[in-house]
Amino acid sequence: MVILGLILVLIAVAIGAALLLGTQTPEVSGQEVDIRLFDAVTINLNPLTLVIAGMLTMLLLWLGLVMIKAALTRKAKQRRLRKEQEAESKRRLAEQEAAHQQELRERERAIEDQRVSTEIARERAEVAERHDPTIDAPTERISTRDAARGAPADDATRPIARDGGPVDDATRPIRRDPRP
């Protein structure tokens, strides 16, 4: 658009210069006006045609300037829009980066909390093991060999229920043996 506008402006300037140079001769007062273009071409025009040619020249000049202005305005608008889009893109990127950093901090905080809670649980387990009286007590071994053969179990090795009576089922709590 700018180039086309410049071409129209140059054509208008050239025609205007030719009209001015051609009408400077003393024969202008007659019916016919001779317009000489660079001493190579001579055009005969009556005054009305000369006025119309002048108006067309001014129209071309005006049209060229309008086209130049429109093109420059459009380019400025595109630049402004591009800058706004770049600023918006940078803002969105900064927000995403901040959200990512926040998420990383939250993950690190959760991992640290988990590590601390695991460490506390480990310390509590160690303290509980040190103070557990059943760990140091010797465990009784129960022989099930005689019971498996059908022989009656010895009273010393027979399991006893909590209420003091005999245990009928084979399920009973297993105690840890401190011996390796």
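The values are calculated or read from the model by the stated rules, or taken from the named source; none is laboratory data. It should be emphasised that the depicted structure is a prediction, and the values quoted were computed from it without experimental measurement. Ideal geometry is used to build each Cβ from the backbone, glycine not excepted, and the neighbour counts take in all protein chains shown. Areas reflect the complete protein model, heavy atoms only, side chains present, ligands, DNA and RNA absent. Shrake-Rupley method; radii C 1.70, N 1.55, O 1.52, S 1.80 Å.
Under 15 Å from the 7 Å Cα→Cβ point of residue 1, by amide nitrogen: which residues of the stretch 71-88?
From the stretch 71-88, the list is 71-81.
Give the Rg/Rh ratio for the stretch 48-113, taking Rg as the radius of gyration of the Cα atoms and Rh as the Kirkwood radius, to two decimals.
Radius of gyration over Kirkwood radius for the stretch 48-113 works out to 1.68.
Can you tell me which lysines have their Cα less than 23 Å from the Cα of residue 90? Leave out same-chain residues fewer than eight positions away.
Reachable lysines: 75, 77.
Tell me the accessible surface of residue 3 in square angstrom (1.4 angstrom probe, heavy atoms of protein chains only), to the nearest ten.
Estimated to the nearest 10 Å², residue 3 gives 120 Å².
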